[in-house]
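The values are calculated or read from the model by the stated rules, or taken from the named source; none is laboratory data. Since the model is a prediction, treat every value here as computed from it, not as a measurement. Heads up, the Cβs are rebuilt from the backbone with ideal geometry, glycines too, and the neighbour counts pull from every protein chain shown. For the accessible areas, the whole protein counts, side chains as well, though only heavy atoms, and no ligand, DNA or RNA atoms are used. Shrake-Rupley method; radii C 1.70, N 1.55, O 1.52, S 1.80 Å.
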Amino acid sequence: MQGFSTLFYKELLRFWKVSFQTVLAPILTALLYLLIFAHVLDAHVEPYPGVRYTAFLIPGLAMMSMLQNAFSNTSSSIIQSKITGNLVFILLPPLSHFEFFAAYVLAAVLRGVVVGAGVLLVTLFFTIPPVQHPLWIIVFALLGSSIMAILGLIAGIWAEKFDQLAAFQNFLIMPLTFLSGVFYSIHSLPPFWQGVSNWNPVFYVIDGFRYGFFGQADVSPWLSLSVGGFTLLALATLGWQLIKSGYKLRH
Amino acid sequence: MSAIQFQNIVKHYGDLQALNNVSFNVEEGDFFALLGPNGAGKTTLISILGGLARASSGQVSIMGRDVVADYRDARRAVGIVPQELVFDPFFTVRETLRFQSGYFGLKQNDAWIDEILENLGLTNKANANMRALSGGMKRRVMVAQALVHRPPVIVLDEPTAGVDVELRQTLWAFVRRLNEQGHTIVLTTHYLEEAEELCNRIAMLKQGRLIALEDKAKLMNRGKARTLRVRLAGGNLPLSLADQVLAEKEGQYELRLSDLSEVEGILEQIRMHGATLRDVEIAKPDLEDIFVEMMQGRGAAG
């Protein structure tokens with residue numbers, strides 16, 4: 001497992017050396033969202049009975065930051081290495097498919113979790129959300145980050161140019177995360193958009209995460225766990241197959 | 001056991017056939033040159049060897065390990081220096097080499113890393129960021145990266161393209177020493193004099209086909225295109241020889257010889273013509289002449 005731990009460590013170091021951009025910047029972004037939305041909406045909206053909007057928003061923002069950063073880490077690392085050509089130094093050694101897959105994904109999960117924890121930490125100054133079920137919080141944090149880390153891996157392998165990756169990010173990841181109940185409870189949506197949201201796996205991850213804080217959510221955490229778990233499994237299988245077949249990596 | 005075995009390698013990229021049924025072995029301890037013009041398939045062959053590309057059909061093994069079925073052991077046995085100058089700008093030279101060691105499953109490899117750095121003249125750059133290095137220095141790091149796991153087989157894909165003389169000499173001294181220690185070396189190069197000086201066996205590729213595979217000495221003998229240089233003290237060259245003149249410079253004539261036995265006849269014609277010889281010299285072909293001759297399609301080995 002020396003190969004795995006080295007690649008994992010290298011991936012950690014890669015984002016940590018530029019943590020101003022990879023960790024602090026997303027925390028600041030989340031903070032800005034919170035300032036603006038809480039200022040405008042806190043007095044007018046009560047998503048769940050007894051839950052103020054600011055408190056409701058915090059887990060959503062934390063999860064959104066985790067998802068986006070987990071995705072960024074794998075996708076940008078792989079596409080940069082592909083385009084600059086230094087991916088050969090990963091492809092030439094005897095790393096197993098599992099080592100390759102696990103090292104990239106876990107490093108990205110870790111970045112997601114670090115950013116998510118950072119967001120929660122700075123938002124403590126505004127309001128302290130209750131923590132009803134810490135285990136669910138951890139489970140969904142890991143689940144959401146893993147899903148997006150693997151999606152980033154797949155996008156990084158698939159994309160041949162930066163603009164293809166940007167398209168993936170802007171036309172798939174952004175809509176999935178924004179239309180998932182980060183900023184609202186989907187029960188407040190018209191029935192059509194509620195129906196659409198029900199097909200978005202990201203919604204379940206955020207909803208389950210929020211359940212861990214408030215003990216109430218739009219759907220049961222078990223349903224969220226099932227949908228999230230199934231999504232993770234499907235993406236992991238796909239990502240694994242891509243690496244094993246050498247798709248776009250070994251010509 | 002051969003160090004490398006290529007068996008019936010075929011590689012298509014869409015309609016383009018990059019390699020057409022290439023088979024040959026590199027033996028342990030060889031200093032092997034793989035020659036051919038751009039687009040002949042050298043880099044494709046090396047990519048297949050290193051697992052960066054996959055053959056459409058055929059098999060490759062390194063030290064008896066199949067590069068697909070047994071890829072982990074095969075990759076442990078080979079160190080490849082890619083042709084493109086690439087590096088990871090996030091890290092220093094030492095970090096780069098430590099990571100590379102780790103990918104090969106090696107812990108605490110610093111003693112060997114120091115030795116490689118020393119041999120490649122990189123010691124005082126160990127803590128410099130990769131971005132800060134000159135092109136030649138980056139090239140040295142790439143060589144070092146290929147050697148971290150002390151591979152029995154070392155492959156250098158045009159390592160001296162666009163590199164200064166100093167590095168070329170440092171590099172070849174080091175590689176030659178590795179070869180003497182028993183490492184098998186495979187090298188592709190455009191500088192034919194390097195292959196001529198260093199290698200004991202030579203393969204030539206042309207348009208994806210193997211057109212020559214021989215010991216260097218044999219290959220050099222195959223070149224028929226010797227030249228006879230004569231300088232005359234008085235008189236001039238008989239007209240009957242005009243067809244054979246390749247060049248004339250300051251009274252020295254270069255005559256084409258298709259066979260050594262022609263020398264006597266030529267000299268006799270000159271004497272009969274009444275000219276006197278000041279100097280005679282028979283020039284042996286160098287690898288470049290043979291290369292050019294073979295690439296023009298004469299003397300193909302099938």
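Mind checking which lysines have their C-alpha under 27 Å from B:Lys125, skipping anything on the same chain fewer than 8 residues away? Partners within reach: A:Lys10, A:Lys17, A:Lys82, B:Lys107, B:Lys138. Each 10 Å bin, from zero up to the one with the longest distance, holds this percent of the alpha carbon pairs of region B:120-255: 9, 29, 23, 17, 13, 7, 2. Burial of accessible area (probe 1.4 Å, heavy atoms of protein chains only) in region B:55-77, relative to its chain alone, reaches at least 40 Å² for B:Tyr71, B:Arg72, B:Arg75.
Computed with a 1.4 Å probe over protein heavy atoms only, the accessible surface of the protein assembly as shown comes to 45 Å² per residue. Calculated on the Cα set of region A:141-242, radius of gyration then Dmax: 14.4, 44 Å. The overall shape of chain A is prolate: from the C-alpha gyration tensor, with semi-axes ordered a ≥ b ≥ c, the ratio a/c is 1.5 or greater and a/b exceeds b/c. Remark: spin-label model distance B:Val10-A:Glu46 equals 7.6 nm, labels positioned 7 Å along the Cα→Cβ axis. Extents of region B:1-83, taken as max minus min of Cα coordinates on every principal axis and listed largest first, are 33, 27, 22 Å.
Exposed loop sites are taken as GluC sites (Glu not before Pro) in a DSSP loop (any state but H, G, I, E or B) with at most 16 other beta carbon atoms within 10 Å; the longest stretch of chain B without one runs B:85-249. Within chain B, all pairs of alpha-carbon atoms sorted by distance into 20 Å bins from zero give the percentages 30, 46, 20, 4. In summary, the aspartates and glutamates within cross-link reach of B:Lys218, defined as a Cα separation below 16 angstrom excluding same-chain residues under 8 places away, comprise B:Asp30, B:Glu196, B:Glu197, B:Asp286, B:Glu288, B:Asp289, B:Glu293. Which one of B:Leu213, B:Leu97, B:Leu241 has the biggest mean-square fluctuation once chain B is modelled by GNM with Cα springs under 10 Å? The residue with the greatest mean-square fluctuation here is B:Leu241. Overall, the accessible surface of region A:128-251 at a probe of 1.4 angstrom is composed of carbon and sulfur to the extent of 73 percent.
Partners of B:Lys216 within straight-line reach, counting lysines whose Cα lies under 29 Å from its Cα and excluding those fewer than 8 residues away in the same chain: B:Lys11, B:Lys42, B:Lys206, B:Lys224, B:Lys284. Separation of region A:131-172 from region B:176-229 is 51 Å, based on Cα centroids.
Using the C-alpha gyration tensor of region A:48-150, what are the square roots of 5 times its eigenvalues, in whole angstrom, with the largest one first?
Values: eigenvalues 236, 36, 16 Å².
Value: 34, 13, 9 Å, ordered largest first.
Over 19 Å, how big is the tail of the calculated P(r) for region B:244-302, in percent of all Cα pairs? Above the 19 Å cut-off, region B:244-302 has 43 percent of its Cα pairs. Give the residues of region A:101-120 whose amide nitrogen is closer than 16 Å to a point set 7 Å from the Cα of A:Met1 in the direction of its Cβ. Those under the cut-off are A:101-107.
Taking only the C-alpha atoms of region B:99-186, Rg followed by Dmax gives 12.6, 34 Å.
When the accessible area of region B:90-248 is computed with all protein chains present and a 1.4 Å probe, what percentage of it is carbon and sulfur? The computed percentage sits at 46. Taking one equal scatterer on every alpha-carbon of region B:20-64, how large is log10 of I(q)/I(0) by Debye at q = 0.13, 0.15, 0.25 1/Å? The calculated log intensity ratios at q = 0.13, 0.15, 0.25 Å⁻¹ are -0.31, -0.41, -1.15. Our helix-only sum for chain A, with -39,500 (n - 2.57) per DSSP H run of n ≥ 4 divided by its residues, gives a mean residue ellipticity at 222 nm of -23500 deg cm²/dmol.
Hydrodynamic estimate: the Kirkwood radius of the protein assembly as shown over Cα pairs, inserted into Stokes-Einstein at 20 °C and 1.002 mPa s, corresponds to D of 78 µm²/s.
Rounded to the nearest 0.05, what FRET efficiency is calculated for B:Val292 and A:Ala102 with R0 set to 35 Å and r the Cβ-Cβ distance? If you can, show how the numbers build up before the last one.
Details: r = 52 Å, r/R0 = 1.48.
After rounding to 0.05, the efficiency reads 0.10.
Summed over both chains, the area buried between A and B is near 2700 Å², taken from the accessible surface of protein heavy atoms with a 1.4 Å probe.
Set the Förster radius R0 to 60 Å, insert the Cβ-Cβ distance between A:Trp222 and B:Asp279 as r into 1/(1 + (r/R0)^6), and round the FRET efficiency to 0.05.
Working: r = 98 Å, r/R0 = 1.64.
Calculated transfer efficiency: 0.05.
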